[in-house]
Amino acid sequence: MFIVHVFVHVRPEEINAFKAATIENASHSLREPGVVRFDVIQQQDDPTRFVLVEVYRKAADASSHKETAHYLKWRDSVANMMTEPRSSIKFSNIFPDERGWD
């Protein structure tokens with residue numbers, strides 16, 4: 001599995017719009033064959049901070065995701081909602097391994 005955590009800091013006045021756009025993107029993303037999981041989480045003590053937890057079968061699936069119409073729409077619509085550019089960290093799972101995901 002290829003896992004990406006995307007960190008986003010949103011302007012306070014944009015929280016609801018960001019959530020709506022991101023949930024729409026996540027809903028479409030879950031229909032992609034290479035997407036195993038796509039979570040949208042909001043920090044409890046600072047509701048302007050979000051983490052997207054994206055789990056793909058392989059790294060190429062993450063690349064394919066960035067070419068979809070719903071991702072491009074999301075990217076463009078939320079760009080001005082952020083206080084700073086989003087950042088990400090990429091991970092590989094160690095348990096369960098691929099045998100446990102098929």
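Only the coordinates and a few stated rules stand behind these numbers; no lab work does. Computed from a predicted structure; not experimentally measured. Every residue, glycine among them, receives a Cβ derived from its backbone with ideal geometry; neighbour counts consider all protein chains shown.
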Legend entry - With Cα atoms, 0 to 90° folded angle of helix 15-29 axis to the chain main axis: 20 degrees
Inset, instruction - Give me the distance in nm between label points sitting 7 Å out from Cα along the Cα-to-Cβ direction at Ile3 and Gln44, one decimal. - result: 2.0 nm
Legend entry - Pairs of lysine residues in the chain - Cα separation under 20 Å, sequence separation of 8 or more or cross-chain: 5
Inset, instruction - List Glu13, Glu54 from most exposed to least, where exposure is judged by having the fewest other Cβ atoms within 10 Å. - result: Glu13, Glu54
Legend entry - Counted charge near Tyr71, where neighbours are those whose Cβ lies closer than 15 Å (Asp, Glu -1; Lys, Arg +1): -1
Inset, instruction - Please determine, in degrees from 0 to 90 and to the nearest 10, the orientation of helix 69-78 with respect to the longest principal axis defined by the Cα atoms of the chain, where the helix direction is its Cα long axis. - result: 30 degrees
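Can you give the helix-only mean residue ellipticity at 222 nm for the chain, where every DSSP H stretch with n ≥ 4 adds -39500 (n - 2.57) and the sum goes over all residues, rounded to the nearest 500 deg cm²/dmol?
Taking each H run of at least 4 residues, the total per residue is -9500 deg cm²/dmol.
Please list the three semi-axes, largest first and in whole Å, of the ellipsoid equivalent to the chain, using sqrt of 5 times the eigenvalues of its alpha carbon gyration tensor. Working shown, then result.
Working: eigenvalues 119, 47, 24 Å².
For the chain, the semi-axes come out at 24, 15, 11 Å.
At 0.36 nm per residue, and after removing the present C-alpha to C-alpha distance, how many nm does the segment from Ser87 to Thr68 gain when stretched out fully?
Gain on extension, Ser87 to Thr68, equals 4.9 nm.
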